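The values are calculated or read from the model by the stated rules, or taken from the named source; none is laboratory data. Bear in mind the structure is a predicted one, so any value in this text is a computation, not a measurement. Using ideal geometry, Cβ is built from the backbone for each residue, glycine included, and neighbour counts are taken over all protein chains shown.
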Amino acid sequence: MTSWQIFQGNQDPHDGLERLPAPPNWRQFQDRQKTKGQTYRARPEEIELVNAALYLRRPLLITGKPGTGKTSLAYAVAHELKMGEVLSWSITTRTTLKDGLYNYDAIARLQDSQQNQSPNLSPEQQRVQLEKIGRYIRLGPMGTALLPVANSQKPRILLIDEIDKSDIDLPNDLLHVFEEGRYRIPELERIKELCPEVSVSTAYETQEPNCAIENGQVQSNAFPFVILTSNGERDFPPAFLRRCIRLNIEQPNKAMLAEIVQRHLEEAGFGQEAADSIEAFLKQRDDNGEEIATDQLLNAIYLLEQNGIPGDAAGRAALRQKLLRPLSGPNA
(Lines give C-alpha, C1' and ligand atoms only; values in the text may rest on other atoms or scores of the structure.)
Protein backbone atom coordinates (compact mmCIF):
# COMPACT_ATOMS: atom_id res chain seq x y z
CA MET A 1 0.00 0.00 0.00
CA THR A 2 1.31 3.45 -0.91
CA SER A 3 2.16 5.58 2.10
CA TRP A 4 -0.16 8.52 2.77
CA GLN A 5 2.90 10.73 3.30
CA ILE A 6 3.57 12.91 0.26
CA PHE A 7 6.55 14.81 1.69
CA GLN A 8 9.30 12.27 2.44
CA GLY A 9 12.01 14.56 3.79
CA ASN A 10 14.76 12.84 1.76
CA GLN A 11 15.69 15.82 -0.48
CA ASP A 12 14.74 13.78 -3.57
CA PRO A 13 12.39 15.82 -5.84
CA HIS A 14 9.31 13.94 -7.01
CA ASP A 15 5.73 14.45 -8.26
CA GLY A 16 4.00 13.27 -5.11
CA LEU A 17 1.65 16.25 -5.05
CA GLU A 18 -0.26 14.59 -7.89
CA ARG A 19 -1.54 12.13 -5.28
CA LEU A 20 -2.93 14.87 -3.04
CA PRO A 21 -6.70 14.32 -2.71
CA ALA A 22 -9.32 17.03 -3.00
CA PRO A 23 -9.50 19.28 0.07
CA PRO A 24 -12.25 18.77 2.64
CA ASN A 25 -15.27 20.97 2.00
CA TRP A 26 -14.42 23.28 4.93
CA ARG A 27 -11.07 24.08 3.27
CA GLN A 28 -12.40 24.84 -0.20
CA PHE A 29 -12.45 28.51 -1.13
CA GLN A 30 -14.80 28.50 -4.10
CA ASP A 31 -18.42 29.02 -3.00
CA ARG A 32 -17.13 29.02 0.59
CA GLN A 33 -20.12 30.92 1.96
CA LYS A 34 -22.56 28.58 0.24
CA THR A 35 -20.77 25.49 1.56
CA LYS A 36 -20.73 26.77 5.14
CA GLY A 37 -24.42 27.58 4.92
CA GLN A 38 -25.43 24.22 3.47
CA THR A 39 -23.60 22.07 6.02
CA TYR A 40 -24.82 23.82 9.19
CA ARG A 41 -27.67 22.21 11.11
CA ALA A 42 -29.51 24.66 13.35
CA ARG A 43 -31.02 23.48 16.65
CA PRO A 44 -34.53 24.48 17.79
CA GLU A 45 -33.36 27.23 20.15
CA GLU A 46 -31.15 28.72 17.45
CA ILE A 47 -34.03 28.72 14.96
CA GLU A 48 -36.32 30.37 17.50
CA LEU A 49 -33.92 33.18 18.41
CA VAL A 50 -32.82 33.84 14.82
CA ASN A 51 -36.48 34.41 14.01
CA ALA A 52 -36.87 36.65 17.06
CA ALA A 53 -33.94 38.78 15.88
CA LEU A 54 -35.39 38.96 12.36
CA TYR A 55 -38.81 40.05 13.59
CA LEU A 56 -37.51 42.58 16.12
CA ARG A 57 -34.72 43.97 13.90
CA ARG A 58 -32.28 43.42 16.75
CA PRO A 59 -28.68 42.13 16.66
CA LEU A 60 -28.23 38.49 17.66
CA LEU A 61 -25.39 38.04 20.17
CA ILE A 62 -24.15 34.44 20.06
CA THR A 63 -21.93 33.09 22.83
CA GLY A 64 -20.21 29.72 22.82
CA LYS A 65 -16.93 27.84 22.90
CA PRO A 66 -14.62 28.04 19.85
CA GLY A 67 -15.69 25.64 17.12
CA THR A 68 -19.36 25.38 18.11
CA GLY A 69 -20.58 26.92 14.84
CA LYS A 70 -21.27 30.52 15.86
CA THR A 71 -20.06 32.03 12.59
CA SER A 72 -21.53 29.22 10.49
CA LEU A 73 -25.01 30.14 11.69
CA ALA A 74 -24.73 33.47 9.86
CA TYR A 75 -23.93 31.68 6.60
CA ALA A 76 -26.79 29.23 7.16
CA VAL A 77 -29.28 32.09 7.54
CA ALA A 78 -27.89 33.90 4.48
CA HIS A 79 -28.08 30.72 2.40
CA GLU A 80 -31.61 29.72 3.37
CA LEU A 81 -33.11 33.22 3.15
CA LYS A 82 -31.21 34.20 -0.03
CA MET A 83 -29.71 37.25 1.67
CA GLY A 84 -26.63 37.36 -0.53
CA GLU A 85 -23.03 37.87 0.49
CA VAL A 86 -22.27 37.87 4.22
CA LEU A 87 -20.38 40.98 5.30
CA SER A 88 -17.77 39.88 7.84
CA TRP A 89 -16.06 42.16 10.37
CA SER A 90 -13.38 40.48 12.50
CA ILE A 91 -12.70 42.31 15.76
CA THR A 92 -9.31 42.80 17.47
CA THR A 93 -8.21 44.77 20.51
CA ARG A 94 -7.35 47.70 18.21
CA THR A 95 -10.65 47.80 16.31
CA THR A 96 -12.66 51.03 16.45
CA LEU A 97 -16.16 51.86 15.26
CA LYS A 98 -14.74 53.87 12.36
CA ASP A 99 -12.90 50.76 11.11
CA GLY A 100 -16.27 49.10 10.62
CA LEU A 101 -17.90 52.14 9.01
CA TYR A 102 -15.37 53.39 6.46
CA ASN A 103 -11.72 54.02 5.69
CA TYR A 104 -10.34 57.18 4.09
CA ASP A 105 -6.85 56.99 2.57
CA ALA A 106 -5.81 60.62 3.07
CA ILE A 107 -2.15 59.94 2.28
CA ALA A 108 -2.90 58.47 -1.15
CA ARG A 109 -5.20 61.35 -1.97
CA LEU A 110 -2.57 63.91 -0.94
CA GLN A 111 0.06 62.20 -3.07
CA ASP A 112 -2.20 62.13 -6.11
CA SER A 113 -3.28 65.74 -5.67
CA GLN A 114 0.34 66.89 -5.49
CA GLN A 115 1.09 65.10 -8.75
CA ASN A 116 -1.95 66.58 -10.50
CA GLN A 117 -1.94 70.16 -9.27
CA SER A 118 -3.34 72.60 -11.80
CA PRO A 119 -4.00 76.31 -11.04
CA ASN A 120 -7.02 78.33 -12.19
CA LEU A 121 -9.53 75.49 -12.32
CA SER A 122 -13.09 76.35 -13.35
CA PRO A 123 -15.93 75.51 -10.91
CA GLU A 124 -16.83 72.48 -13.02
CA GLN A 125 -13.23 71.28 -13.02
CA GLN A 126 -13.09 71.76 -9.25
CA ARG A 127 -16.24 69.66 -8.88
CA VAL A 128 -14.75 66.89 -11.00
CA GLN A 129 -11.58 66.94 -8.90
CA LEU A 130 -13.59 66.79 -5.68
CA GLU A 131 -15.64 63.85 -6.94
CA LYS A 132 -12.42 61.84 -7.20
CA ILE A 133 -12.33 61.70 -3.39
CA GLY A 134 -14.51 58.61 -3.73
CA ARG A 135 -11.48 56.70 -5.00
CA TYR A 136 -9.93 56.98 -1.55
CA ILE A 137 -12.95 55.96 0.53
CA ARG A 138 -13.93 52.36 1.15
CA LEU A 139 -16.88 51.46 3.32
CA GLY A 140 -16.27 48.92 6.06
CA PRO A 141 -18.48 45.87 6.66
CA MET A 142 -20.82 47.70 9.03
CA GLY A 143 -20.87 50.81 6.87
CA THR A 144 -21.85 48.65 3.90
CA ALA A 145 -24.52 46.77 5.86
CA LEU A 146 -26.25 50.07 6.67
CA LEU A 147 -26.55 51.15 3.03
CA PRO A 148 -30.16 51.65 1.96
CA VAL A 149 -31.73 48.85 -0.06
CA ALA A 150 -34.35 48.99 -2.77
CA ASN A 151 -37.86 47.88 -1.85
CA SER A 152 -37.37 44.59 -3.67
CA GLN A 153 -34.14 43.76 -1.85
CA LYS A 154 -33.76 41.85 1.39
CA PRO A 155 -31.91 43.30 4.41
CA ARG A 156 -28.17 42.91 4.27
CA ILE A 157 -26.45 40.47 6.63
CA LEU A 158 -23.47 41.37 8.82
CA LEU A 159 -21.27 39.08 10.93
CA ILE A 160 -19.30 40.84 13.69
CA ASP A 161 -16.88 38.14 14.77
CA GLU A 162 -15.38 37.88 18.28
CA ILE A 163 -16.80 41.08 19.71
CA ASP A 164 -15.45 40.05 23.13
CA LYS A 165 -11.91 40.77 21.89
CA SER A 166 -12.72 44.44 21.32
CA ASP A 167 -11.59 47.47 23.25
CA ILE A 168 -13.85 48.12 26.23
CA ASP A 169 -15.50 51.10 24.48
CA LEU A 170 -16.52 49.44 21.20
CA PRO A 171 -19.78 47.80 22.40
CA ASN A 172 -20.98 51.16 23.71
CA ASP A 173 -19.88 52.89 20.50
CA LEU A 174 -22.06 50.47 18.54
CA LEU A 175 -25.18 51.40 20.51
CA HIS A 176 -25.90 54.64 18.67
CA VAL A 177 -25.46 53.03 15.26
CA PHE A 178 -27.69 50.09 16.25
CA GLU A 179 -30.41 52.46 17.42
CA GLU A 180 -30.24 55.07 14.65
CA GLY A 181 -29.15 52.98 11.68
CA ARG A 182 -27.12 55.84 10.22
CA TYR A 183 -23.67 57.42 10.18
CA ARG A 184 -21.80 60.36 8.67
CA ILE A 185 -18.69 60.59 6.51
CA PRO A 186 -17.23 64.04 7.38
CA GLU A 187 -14.86 64.02 4.39
CA LEU A 188 -17.90 63.95 2.09
CA GLU A 189 -20.11 66.23 4.18
CA ARG A 190 -17.56 69.04 3.77
CA ILE A 191 -17.95 69.02 -0.01
CA LYS A 192 -21.68 68.26 -0.31
CA GLU A 193 -22.51 71.71 -1.76
CA LEU A 194 -20.26 71.11 -4.74
CA CYS A 195 -20.56 67.32 -4.83
CA PRO A 196 -23.84 66.13 -3.34
CA GLU A 197 -23.26 62.58 -4.60
CA VAL A 198 -19.96 60.66 -4.56
CA SER A 199 -19.34 57.06 -5.61
CA VAL A 200 -17.28 54.96 -3.16
CA SER A 201 -16.19 51.34 -2.79
CA THR A 202 -18.03 48.94 -0.49
CA ALA A 203 -16.92 45.94 1.58
CA TYR A 204 -18.63 43.51 -0.77
CA GLU A 205 -16.37 41.33 -2.88
CA THR A 206 -18.82 40.69 -5.71
CA GLN A 207 -22.40 41.64 -4.82
CA GLU A 208 -22.26 45.44 -4.89
CA PRO A 209 -18.68 46.71 -5.22
CA ASN A 210 -19.62 50.41 -5.51
CA CYS A 211 -22.37 52.69 -4.24
CA ALA A 212 -23.30 56.39 -4.26
CA ILE A 213 -23.24 58.40 -1.01
CA GLU A 214 -25.54 61.44 -0.92
CA ASN A 215 -24.63 64.53 1.12
CA GLY A 216 -22.01 62.63 3.08
CA GLN A 217 -24.51 60.57 5.09
CA VAL A 218 -25.78 57.00 5.10
CA GLN A 219 -29.25 56.21 6.44
CA SER A 220 -30.42 52.60 6.49
CA ASN A 221 -33.99 51.89 5.45
CA ALA A 222 -33.88 48.20 6.44
CA PHE A 223 -31.94 47.28 9.55
CA PRO A 224 -29.45 44.56 8.58
CA PHE A 225 -29.52 41.14 10.17
CA VAL A 226 -26.54 41.42 12.52
CA ILE A 227 -24.88 38.45 14.21
CA LEU A 228 -22.23 39.15 16.84
CA THR A 229 -20.16 36.24 18.14
CA SER A 230 -18.41 35.96 21.49
CA ASN A 231 -16.28 33.24 23.07
CA GLY A 232 -17.50 34.36 26.49
CA GLU A 233 -14.17 35.90 27.46
CA ARG A 234 -15.74 39.08 28.89
CA ASP A 235 -18.97 40.65 30.10
CA PHE A 236 -20.83 43.36 28.18
CA PRO A 237 -22.55 46.49 29.52
CA PRO A 238 -26.28 46.04 30.34
CA ALA A 239 -27.15 48.84 27.89
CA PHE A 240 -25.52 46.83 25.11
CA LEU A 241 -27.07 43.52 26.14
CA ARG A 242 -30.61 44.87 26.26
CA ARG A 243 -30.34 45.88 22.62
CA CYS A 244 -29.39 42.35 21.57
CA ILE A 245 -31.18 39.03 21.36
CA ARG A 246 -28.90 36.62 23.20
CA LEU A 247 -28.19 33.02 22.23
CA ASN A 248 -25.80 30.58 23.89
CA ILE A 249 -24.71 27.69 21.68
CA GLU A 250 -23.94 24.55 23.66
CA GLN A 251 -21.22 22.16 22.61
CA PRO A 252 -22.56 19.36 20.39
CA ASN A 253 -23.33 16.02 22.02
CA LYS A 254 -22.47 12.61 20.58
CA ALA A 255 -25.50 12.41 18.28
CA MET A 256 -24.96 15.94 16.98
CA LEU A 257 -21.26 15.26 16.36
CA ALA A 258 -22.21 12.20 14.31
CA GLU A 259 -24.59 14.33 12.22
CA ILE A 260 -21.95 17.04 11.72
CA VAL A 261 -19.43 14.45 10.55
CA GLN A 262 -21.96 12.93 8.16
CA ARG A 263 -22.81 16.33 6.67
CA HIS A 264 -19.18 17.28 6.10
CA LEU A 265 -17.80 13.89 5.08
CA GLU A 266 -20.57 12.43 2.95
CA GLU A 267 -18.25 10.49 0.65
CA ALA A 268 -16.39 8.84 3.50
CA GLY A 269 -19.64 8.04 5.26
CA PHE A 270 -19.87 7.31 8.96
CA GLY A 271 -17.72 4.29 9.71
CA GLN A 272 -15.61 2.91 12.52
CA GLU A 273 -12.97 5.62 12.14
CA ALA A 274 -15.55 8.32 12.73
CA ALA A 275 -16.98 6.47 15.74
CA ASP A 276 -13.54 5.98 17.30
CA SER A 277 -12.59 9.61 16.72
CA ILE A 278 -15.83 10.88 18.26
CA GLU A 279 -15.25 8.73 21.35
CA ALA A 280 -11.69 10.06 21.70
CA PHE A 281 -12.93 13.61 21.17
CA LEU A 282 -15.66 13.31 23.83
CA LYS A 283 -13.24 11.73 26.31
CA GLN A 284 -10.88 14.70 25.96
CA ARG A 285 -13.61 17.35 26.01
CA ASP A 286 -16.05 16.01 28.60
CA ASP A 287 -14.11 13.55 30.76
CA ASN A 288 -10.76 15.37 30.82
CA GLY A 289 -12.21 18.90 30.59
CA GLU A 290 -9.89 19.88 27.73
CA GLU A 291 -10.78 22.70 25.35
CA ILE A 292 -11.09 21.28 21.88
CA ALA A 293 -13.02 22.34 18.76
CA THR A 294 -15.31 20.40 16.45
CA ASP A 295 -13.27 21.22 13.36
CA GLN A 296 -10.33 19.38 14.94
CA LEU A 297 -12.52 16.27 15.01
CA LEU A 298 -13.38 16.73 11.33
CA ASN A 299 -9.69 17.16 10.50
CA ALA A 300 -8.81 13.92 12.31
CA ILE A 301 -11.51 11.84 10.63
CA TYR A 302 -10.77 13.24 7.17
CA LEU A 303 -7.05 12.49 7.48
CA LEU A 304 -7.46 9.04 9.03
CA GLU A 305 -9.79 8.05 6.19
CA GLN A 306 -7.04 8.60 3.59
CA ASN A 307 -5.45 5.66 1.82
CA GLY A 308 -2.11 4.53 3.21
CA ILE A 309 -2.65 5.67 6.79
CA PRO A 310 -0.94 3.19 9.20
CA GLY A 311 -3.32 0.30 9.76
CA ASP A 312 -2.31 -0.64 13.31
CA ALA A 313 -4.47 0.76 16.11
CA ALA A 314 -1.55 2.29 18.00
CA GLY A 315 -0.31 4.25 14.99
CA ARG A 316 -3.77 5.60 14.19
CA ALA A 317 -4.45 6.53 17.80
CA ALA A 318 -1.13 8.37 18.03
CA LEU A 319 -1.86 10.38 14.89
CA ARG A 320 -5.39 11.13 16.11
CA GLN A 321 -4.05 12.39 19.43
CA LYS A 322 -1.70 14.79 17.65
CA LEU A 323 -4.61 16.21 15.68
CA LEU A 324 -6.82 16.54 18.77
CA ARG A 325 -4.42 18.54 20.89
CA PRO A 326 -6.23 20.88 23.31
CA LEU A 327 -6.45 24.56 22.48
CA SER A 328 -5.29 25.59 25.95
CA GLY A 329 -3.87 24.10 29.11
CA PRO A 330 -0.70 22.10 29.82
CA ASN A 331 -1.24 19.67 26.90
CA ALA A 332 -1.83 22.36 24.28
Filter the stretch 34-73 for residues that are among the small types (G, A, S) and at pLDDT 95 or above; the one that is nearest to T229 (Cα to Cα) is A53
Of the candidates R246, R234, the one satisfying the condition of being under 28 Å from E48 (Cβ atoms), of a type in the set (K, R) and touching a strand residue (DSSP E or B) at 6+ places or on another chain (Cβ under 7 Å) is R246
task = Examine the stretch 211-234 for a residue that is within 18 Å of L87 (Cβ to Cβ), among the hydrophobic types (A, V, I, L, M, F, W, C), in the same structural domain as L87 (by TED's automatic domain parsing) and in contact with a Phe, Trp or Tyr (Cβ under 7 Å, 6 or more places away or on another chain), and state whether such a residue exists.
result = yes
Considering only the stretch 165-176, I want to know if a residue exists there that is within 22 Å of L87 (Cα to Cα) and either touching a Cys at 6+ places or on another chain (Cβ under 7 Å) or not assigned by TED's automatic domain parsing to the domain that holds I133 (or both).
no
Selection from the stretch 20-70 of residues crowded, with 20+ Cβ neighbours inside 10 Å, assigned to a helix (DSSP H, G or I) and under 14 Å from the mean Cα position of the chain (by Cα) yields K36, G37, K70
**Asked** Somewhere in the stretch 278-292, is a residue in a loop (DSSP other than H, G, I, E, B), modelled with pLDDT of 90 or more and within 21 Å of P24 (Cα to Cα)?
**Response** yes
Contact list, first residue from the stretch 274-285 and touching a residue at least 60 places away in the same chain (Cβ under 8 Å), second anywhere and part of a helix (DSSP H, G or I) and β-branched (V, I, T), beta-carbon distance below 8 Å, six or more apart or interchain, is none
Does the stretch 292-302 include one or more residues that are surrounded by 14 or more Cβ atoms within 10 Å (Cβ to Cβ) and among the hydroxyl-bearing types (S, T, Y)? yes
In the set R263, R234, the lone residue that is closer than 30 Å to P59 by Cα, charged (D, E, K, R), in a helix (DSSP H, G or I) and in contact (Cβ under 8 Å) with a residue 60 or more places away in the chain is R263
May I ask you to verify whether P171 is surrounded by 16 or more Cβ atoms within 10 Å (Cβ to Cβ) and within 15 Å of G100 (Cα to Cα)? yes
Taking the stretch 6-18 and keeping residues loosely packed, with under 13 Cβ neighbours inside 10 Å and not hydrophobic (A, V, I, L, M, F, W, C) leaves Q8, G9, N10, Q11, D12, P13, H14, D15, E18
Pairs returned, first residue in the stretch 308-329 that is outside any helix (DSSP H, G or I), second residue that is hydroxyl-bearing (S, T, Y) and modelled with pLDDT of 85 or more, beta-carbon separation under 9 angstrom, 6 or more apart or interchain, are L324/S277
Taking the stretch 51-72 and keeping only residues that are without any contact (Cβ under 8 Å) to a residue 40 or more places away in the chain and over 17 Å from E259 (Cα atoms), one is left with N51, Y55
